[in-house]
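See structure below.
The values are calculated or read from the model by the stated rules, or taken from the named source; none is laboratory data. Source: prediction; values computed, not measured. Here the Cβ positions follow ideal geometry from the backbone for every residue, glycine too, while neighbour counts run over all protein chains shown. Areas reflect the complete protein model, heavy atoms only, side chains present, ligands, DNA and RNA absent. Shrake-Rupley method; radii C 1.70, N 1.55, O 1.52, S 1.80 Å.
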Amino acid sequence: MHRTPRHPASRALAAGALSLALLSVGSAGAFATEAKPKPSPSPSATASITIKPSATSVNAGGSVTFTGRTQGLKVGWPLVLQHQKGGKWIPLKATTKTKNGSSYSLTAKLNTVGTEHLRVSAVGKKVYSPAVTVNVT
């Protein structure tokens with residue numbers, strides 16, 4: 001048979017000890033769940049490049065300036081303009097580096113008549129701008 005203490009002070013002390021024990025176990029569980037570090041995404045996953053051509057149509061031999069901003073790339077990171085040829089992206093001679101404020105600007109002379117699909121790539125990383133189209137006539 002269960003025996004209860006006869007003094008009210010004994011009951012209060014027992015209830016307090018039990019409450020403290022339950023709170024301690026609950027707090028330890030809460031700290032254990034908060035202590036797990038969240039994995040951070042890789043730098044390539046968070047890096048990005050925007051692109052805007054100064055013209056979407058140009059005469060053969062004409063120049064187009066491409067501007068944009070980068071995110072997740074260090075200042076001074078090299079960038080190169082690429083064009084799509086035969087389903088592959090080929091680097092052109094137009095290069096630049098990211099500036100303070102994460103902006104860039106590069107100019108390319110386009111000689112091949114037709115539709116050019118172009119993008120900017122971060123050298124040494126798998127980070128690319130969306131492709132833009134420039135018509136060369």
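A compact table of results
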{"quantity": "Of all residues making up region 69-85, the number that are surrounded by fewer than 13 Cβ atoms within 10 Å (Cβ to Cβ) and either free of Cβ contacts under 8 Å to residues at least 12 places away in the same chain or on the phi > 0 side of the Ramachandran plot (or both)", "calculated": "2"}
{"quantity": "Residue count for region 108-128, restricted to those that are closer than 15 Å to ASN59 by Cβ and among the hydroxyl-bearing types (Ser, Thr, Tyr)", "calculated": "2"}
{"quantity": "Qualifying residue in region 27-49 (condition: under 29 Å from the mean Cα position of the chain (by Cα), at pLDDT 95 or above and closer than 15 Å to VAL123 by Cα)", "calculated": "yes"}
{"quantity": "Tally, over region 86-114, of residues that are open to solvent by 40 Å² or more (accessible area, probe 1.4 Å), over 24 Å from VAL75 (Cβ atoms) and out of contact with any Ser or Thr (no Cβ under 6 Å at 6 or more places or on another chain)", "calculated": "8"}
{"quantity": "Residue tally, condition more than 18 Å from the chain's Cα centre (by Cα), polar (S, T, N, Q) and part of a loop (DSSP other than H, G, I, E, B), over region 50-82", "calculated": "3"}
{"quantity": "Residue check for GLY16: surrounded by 10 or more Cβ atoms within 10 Å (Cβ to Cβ), at pLDDT 95 or above and either under 22 Å from the mean Cα position of the chain (by Cα) or not aliphatic (A, V, I, L, M) (or both)", "calculated": "no"}
{"quantity": "Residue check, GLY114 on the phi > 0 side of the Ramachandran plot and in contact with a helix residue (DSSP H, G or I) (Cβ under 7 Å, 6 or more places away or on another chain)", "calculated": "no"}
{"quantity": "Filtered residue count, region 83-110, keeping only those that are closer than 12 Å to THR67 by Cα, part of a strand (DSSP E or B) and charged (D, E, K, R)", "calculated": "1"}
